[in-house]
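Computed from the coordinates by the stated procedures, all read-outs in this text should not be read as laboratory data. The model shown is predicted, which means the values in this text are computed figures rather than measured ones. Every residue, glycine as well, gets a Cβ built from its backbone with ideal geometry; the counts of neighbours run over all protein chains shown.
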Amino acid sequence: MTKETSYGILAAIDWNSNDWQGPSTPEDLEKANFTFVKENDIANASLNFGHNVFPADEQGNYRGFLPHLFAKTPDAEKSKTVKIVILKSKDWHDGNTYIVGFYAFPTFKKERIKSPTEAIQEDIDTNIKSLVKNIHFLENRVNLSVPSEITKSLPKDKKPGKMGYNYLNQLSIERLLDVMSALNPDDKKLSSIKLNLFKAMGYSMV
């Protein structure tokens, strides 16, 4: 039987009340679901969507952090076909889990970099990067805690609380992107990236 191609990853990050553009608040750290964050009071994912605030590197890339991929990088074979990493996070204010944004056409590479902000004194760990033009933060987020056709079609975590990411097939990515578009109909950057992703997954746009 032919293996289904994995075109995406749905990955969990800890909640950040500053829209992942600044340090996590004390309450964010206290209520984090990640053991490392709780024990060290450090949230490396806190700048994941600072791509419009902090400078990119010379190639135009911005770096982020995926907690569950720190100890183990994605399967080398599967990651070759990954076109998008969609980030979800549980909002401790209301208990709901939301899709908050994504990194399209990512590269997975562990790097420790100097913090771009004085608000975070320590160097930060990163393990994903994309061109700034391919990183997007959603104004209107997708609520994954509300049962719907899209949530029914998503893969379930094999080990709740342990497995913080799932590989996504083409249909799941298509449905998620369509929901994002429906919630953000005037988002031109989202529309542009979505079109490029569809082309990369083999859609004919004629």
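Along the stretch 114-119, what does the Karplus equation 6.51 cos²θ - 1.76 cosθ + 1.60 (θ = phi - 60°) give for ³J(HN,Hα), rounded to whole Hz, x for Gly and Pro?
Each residue's phi maps through the Karplus curve to give 6, 4, x, 10, 5, 5 Hz.
Suppose every Lys and Arg Cβ carries +1 and every Asp and Glu Cβ carries -1, with no other charges. What dipole size does the stretch 52-142 come out with about its Cα centre, to the nearest 20 debye?
Roughly 400 debye for the stretch 52-142.
Would you kindly derive the ³J(HN,Hα) couplings of the stretch 94-109 from the backbone phi angles with the Karplus curve 6.51 cos²θ - 1.76 cosθ + 1.60 (θ = phi - 60°), listing them in order in whole Hz, with x for Gly and Pro?
Those phi angles translate into 10, x, 8, 9, 10, 7, 10, x, 7, 10, 8, 6, x, 10, 9, 7 Hz.
Under 5 Å between amide H atoms, partner at least 5 residues away or on a different chain: which partners does residue 83 have, H built in plane at 1.01 Å?
8
Testing the spin-label approximation: label points 7 Å from Cα along Cα→Cβ at residue 183 and residue 146. State their distance in nm.
In this crude spin-label approximation the distance works out to 0.8 nm.
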